[in-house]
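**Student:** Pasting in a structure now, in C-alpha cells, and then I'll have a few things to ask.
The values are calculated or read from the model by the stated rules, or taken from the named source; none is laboratory data. Just so it is clear, the structure is predicted and the values come from calculations on it, not from any experiment. No Cβ is skipped: glycine too gets one built from the backbone with ideal geometry, and neighbour counts run over all protein chains shown. Just the protein is used for accessible areas: all its heavy atoms, side chains included, with ligands, DNA and RNA removed. Shrake-Rupley method; radii C 1.70, N 1.55, O 1.52, S 1.80 Å.
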Amino acid sequence: MKLNKIKKDLNLKILTAKKFLDNEVKGGYTSDLLSDVMANSKEKYIWITLQVHLNIVAVAKLKELSGIIIINDRKPDSDTLKKAEQENCPILTTPKTAFEISGELYQLLKGI
Amino acid sequence: MTEKENVLTREFEIKGKDFSRAGNISSKIKEILQETGISNSIIRRAAIATYEAELNVVMYANKGILYFTLDPDSIRLKIDDEGRGIKDISLAMKEGYSTATEEYREMGFGAGMGLPNIKKNADKFKISSILGKGTTLEIFFFLNNSGAS
C-alpha cells in the first residue's frame, strides 16, 4: 500500500519528505525502544512511536523504513525535521495514541 | 583508507555523547557493503550490529574508534573505546539489563538489547573490558556461509 493512501485514510499530517508519499508500505511496527525497532522492524515498514529526537531518523534510514508516524500530537525537534528532510524520511503525525493508530493501520493494511 | 589485495579497511572515530552523529558510521558501512554485492541479509545484520556498537560508545564511553575490515571471506568490526568499561560482562550480555540513565531511557535507549543484538546478528563475537579504561568488541560476519540467524 502506498504511504499516500495511509496518510489520507488515517488523517495523518506529513511534515517532511513530502515527495516520498509514493513509498510502499508493507507493514508496521510500534515501539519506543530504538534497539527493538533495529532488531524487529523490517524494510518498508512504517514505524509508530512517541520518540521525536534526531536518532529516529538514523534508525529509519538504516532499516529502510517507509516512514515514521509520531503519535499523541508530539512535535519532532527541529533538527529531527531537518535530518528527515535530508534523508528523504517521511515523518507523519497524528493526535491519536499508539494503540488507536496501530489498530487503524492494522485494519487498513489487512483490509479488514 | 588503505586498499591492498582485496582487503578494504576503514577507521571511524566515535565521540561520546554526540547523539547528533550517532548512526552515521553504520550508514556509511552499509553503503560500502551495498557497493560490493554482499547479500542483503548479511548487510542487514552488519548494519544492526554496527549501529548498536556505535550507540554504546556514544552513550557509555568518552570516545572510541571503529575499525572496519572487509576481505573476500569476512567483514570484521573492531570497536575500541575509552570509557568506564563494563564491570560484569555476563550481566551486560543479558537481555533487558542496562545501566543507562533515566534520560537515555526516555529517549528509547537503554533497553538492554544492544550487546545481545550484536551477538545475535554476528557470526562471531568477542568482548573484553577493563573497568575504568574501556571496552573492546570484535564482531565478525563470514561471507561464505549464512552463519547465525
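**Student:** B:E102 passes all but one of (1) surrounded by fewer than 23 Cβ atoms within 10 Å (Cβ to Cβ); (2) touching a helix residue (DSSP H, G or I) at 6+ places or on another chain (Cβ under 6 Å); (3) charged (D, E, K, R); which number fails?
**Tutor:** With respect to (1) surrounded by fewer than 23 Cβ atoms within 10 Å (Cβ to Cβ); (2) touching a helix residue (DSSP H, G or I) at 6+ places or on another chain (Cβ under 6 Å); (3) charged (D, E, K, R), B:E102 is out only on (2).
**Student:** Quick test for you: out of B:E95, B:E52, pick the one residue that is under 15 Å from the mean Cα position of the chain (by Cα) and within 14 Å of another protein chain (Cβ to nearest Cβ).
**Tutor:** B:E52
**Student:** Oh, and also: Checking B:S90 against (1) within 9 Å of another protein chain (Cβ to nearest Cβ); (2) more than 12 Å from B:L55 (Cβ to Cβ), which single condition isn't satisfied?
**Tutor:** Condition not satisfied by B:S90: (1).
**Student:** Oh, and also: Just checking, which of A:D79, A:D22 is open to solvent by 60 Å² or more (accessible area, probe 1.4 Å) and either basic (K, R) or in contact with a strand residue (DSSP E or B) (Cβ under 9 Å, 6 or more places away or on another chain) (or both)?
**Tutor:** A:D22
**Student:** Of the residues in the stretch A:1-35, how many are out of contact with any Phe, Trp or Tyr (no Cβ under 7 Å at 6 or more places or on another chain), closer than 18 Å to A:I71 by Cα and within 14 Å of another protein chain (Cβ to nearest Cβ)?
**Tutor:** 4
**Student:** Further, regarding this structure: List, please: which pairs have Cβ atoms under 9 Å, are six or more places apart or on different chains, and start with a residue in the stretch B:9-23 that is away from chain A (no Cβ under 13 Å) and more than 21 Å from A:K61 (Cα to Cα) and end with one that is at pLDDT below 95 and assigned to a strand (DSSP E or B)?
**Tutor:** Close Cβ pairs (under 9 Å, with a partner that is at pLDDT below 95 and assigned to a strand (DSSP E or B)) amount to B:T9/B:T2; B:T9/B:E3; B:R10/B:T2.
**Student:** Does B:K87 qualify as being more than 30 Å from A:K44 (Cα to Cα) and either modelled with pLDDT of 95 or more or charged (D, E, K, R) (or both)?
**Tutor:** Yes; evaluated as a whole, the condition is true for this residue.
**Student:** Please verify whether the stretch A:9-17 includes one or more residues that are without any contact (Cβ under 8 Å) to a residue 24 or more places away in the chain, open to solvent by 10 Å² or more (accessible area, probe 1.4 Å) and over 23 Å from B:S98 (Cα atoms).
**Tutor:** no
**Student:** Within the stretch A:41-80, track down each residue that is closer than 21 Å to A:E100 by Cα, more than 8 Å from chain B (Cβ to nearest Cβ) and of a type in the set (S, T, N, Q).
**Tutor:** Within the stretch A:41-80, A:S41, A:S66, A:N72 meet the criteria.
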